């Protein structure tokens, strides 16, 4: 059997954060609910930052050439 991830993937976490922001912006939550939602958002933000940092490190490792890091600008292919 495959082991389940402990943390959700980046896209799922980002969608949850967007939902939480919408809930907070609507102003219909109680103070306690708002604080709990905010705390969950902070945790998700930290998880997302960690995922992005790991991805950045992997990208840097992939573009490393001849023992030196070669930085290259990131550009999306034109449609």
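Given the condition assigned to a helix (DSSP H, G or I), surrounded by 12 or more Cβ atoms within 10 Å (Cβ to Cβ) and modelled with pLDDT of 90 or more, answer yes or no: does some residue in the stretch 52-60 qualify? No, there is no match, as no residue in the stretch 52-60 is assigned to a helix (DSSP H, G or I), surrounded by 12 or more Cβ atoms within 10 Å (Cβ to Cβ) and modelled with pLDDT of 90 or more.
For the stretch 21-37, enumerate the residues that are surrounded by 10 or more Cβ atoms within 10 Å (Cβ to Cβ) and in a helix (DSSP H, G or I). If the condition is that a residue be surrounded by 10 or more Cβ atoms within 10 Å (Cβ to Cβ) and in a helix (DSSP H, G or I), then 21, 23, 24, 33, 34, 35, 36, 37 are the ones that fit.
The values are calculated or read from the model by the stated rules, or taken from the named source; none is laboratory data. Since the structure is predicted, the reported quantities are computational estimates derived from the model, not experimental observations. In this analysis, Cβ positions are derived from the backbone assuming ideal geometry, glycine residues included, and neighbour counts consider all displayed protein chains.
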